[in-house]
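Trainee: Sending over a structure as structure tokens; questions will come in a sec.
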Amino acid sequence: MSKFTSVIWPKVILFGDSITQYSFQVNGWGAEIANKLARKCDVVNRGLSGYNSRWAKIILPRFISSQNSEDKKIAAVTVFFGANDCSLEDKNPQQHVPLQEYSENLKEISRFLTSAGVSADRVIFITPPPVHEPAWEKECILKGCSLNRHNSVAGQYAQACVQAAGQCGSDVLDLWTLMQKDGQDYTVYLSDGLHLSEKGNQFVAEHLWGLLESRLSDLPFILPYWGDVDPKSPESSLLCDQ
């Protein structure tokens, strides 16, 4: 067999909590991004349900390494934490992370990514979305606990995320603000008061693509279009360096 160069696909890594983990479900925002980038790069789901920024900064080096040649082709990383960090300390101490520490954790994640070769302009921070307290309280009661998140507190963490992104030189998708802009009914974006509904997933996909498209528009289509393959000598088309 002829010698050929391995094709290393660029990667977009989605790093976050359950809102990221669930994003590959039917009509999920991650699945939509992956569909838009088919044949251009791999979209990798690294969402971890229940995780906060404190745990995220610890496990990130297990996902990305400057020693891994494939990790040198990371086209973008989304960092989507805060929905668990903003839990009320007296109601949910296991997931709660103090506001200042949350901010520092995001900056530490950014510094690590930079050290691994992912420049700040390829990182997009995403703030926690708003919390609809009546709906989420029902979920909490079903689990045998009291309401453990407040929308106003989620807003404080969203603001901290925006500020941290600015200090790191990265873009930010401020869901908490956008979903409540002009007094709109943000509850349609949530399935249970905390996680995203189908409409919420569409909202995230649309706004995130607005930030990703400019970064990824120059990525080439990987491997030739089928109509361009030489039927008499397919190897000459399929094994050539791109």
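The values are calculated or read from the model by the stated rules, or taken from the named source; none is laboratory data. All values reported here derive from a predicted model rather than from experimental measurement. Note that we place each Cβ from the backbone using ideal geometry, even for glycine, and neighbour counts take in every protein chain shown. SASA here: full protein model, heavy atoms, side chains in, ligands and nucleic acids out. Shrake-Rupley method; radii C 1.70, N 1.55, O 1.52, S 1.80 Å.
Trainee: When both residues are 6+ apart or on different chains and their Cβ atoms are under 8 Å apart, which pairs have a first residue that lies in segment 36-52 and is touching a residue at least 40 places away in the same chain (Cβ under 8 Å) and open to solvent by 40 Å² or more (accessible area, probe 1.4 Å), and a second that is in a loop (DSSP other than H, G, I, E, B) and of a type outside the set (K, R)?
Mentor: So the pair list comes out as R39/F221; R39/I222; R39/L223; K40/P10; K40/L219; K40/P220; K40/F221; K40/I222.
Trainee: Let me ask something else. Just to be sure before I move on: is I141 in contact with a Ser or Thr (Cβ under 8 Å, 6 or more places away or on another chain) and either touching a residue at least 12 places away in the same chain (Cβ under 8 Å) or open to solvent by 10 Å² or more (accessible area, probe 1.4 Å) (or both) in the structure I sent?
Mentor: For I141, the condition - in contact with a Ser or Thr (Cβ under 8 Å, 6 or more places away or on another chain) and either touching a residue at least 12 places away in the same chain (Cβ under 8 Å) or open to solvent by 10 Å² or more (accessible area, probe 1.4 Å) (or both) - is not met.
Trainee: So which pairs qualify, if the first residue must be in segment 197-208 and on the phi < 0 side of the Ramachandran plot, the second must be of a type in the set (D, E) and buried (at least 17 other Cβ atoms within 10 Å of the Cβ), the Cβ gap must be under 8 Å, and the two must be at least 6 apart or on different chains?
Mentor: Hits for this filter: N201/E32; Q202/E32; A205/E32.
Trainee: State which residue is surrounded by the most Cβ atoms within 10 Å (Cβ to Cβ) when the search covers only segment 174-188 and only residues that are in a helix (DSSP H, G or I) and over 17 Å from the mean Cα position of the chain (by Cα).
Mentor: Start the filter on segment 174-188 by keeping residues that are in a helix (DSSP H, G or I), which leaves 175-178, 181-183, 186-188.
Filter once more, so that each one left must be over 17 Å from the mean Cα position of the chain (by Cα): 177, 181-183, 186-188.
On the way: T177: 15, K181: 9, D182: 4, G183: 6, Y186: 20, T187: 15, V188: 13.
The qualifying residue surrounded by the most Cβ atoms within 10 Å (Cβ to Cβ) is Y186.
Trainee: Here is a further query. With W29, W55, W9 as the choices, which residue is among the aromatic types (F, W, Y), touching a Ser or Thr at 6+ places or on another chain (Cβ under 8 Å) and either more than 19 Å from C168 (Cβ to Cβ) or modelled with pLDDT of 95 or more (or both)?
Mentor: W29
Trainee: Name the pairs: first residue in segment 16-31 and free of Cβ contacts under 8 Å to residues at least 12 places away in the same chain, second residue assigned to a helix (DSSP H, G or I), Cβ to Cβ under 6 Å, at least 6 apart or on different chains?
Mentor: That search, which allows pairs on different chains as well, returns A31/F24.
Trainee: Here's something else I'd like to know. Search segment 79-107 for residues being among the acidic types (D, E) and open to solvent by less than 80 Å² (accessible area, probe 1.4 Å), and hand back the single one that is farthest from the chain's Cα centre (by Cα).
Mentor: My answer is E101.
Trainee: Quick one: how many residues across segment 191-228 are more than 17 Å from the chain's Cα centre (by Cα), of a type outside the set (D, E, K, R) and over 30 Å from I8 (Cα atoms)?
Mentor: Result for segment 191-228: 2.
Trainee: So if I check each of R122, R149, which one is basic (K, R), at pLDDT 95 or above and open to solvent by 50 Å² or more (accessible area, probe 1.4 Å)?
Mentor: R122
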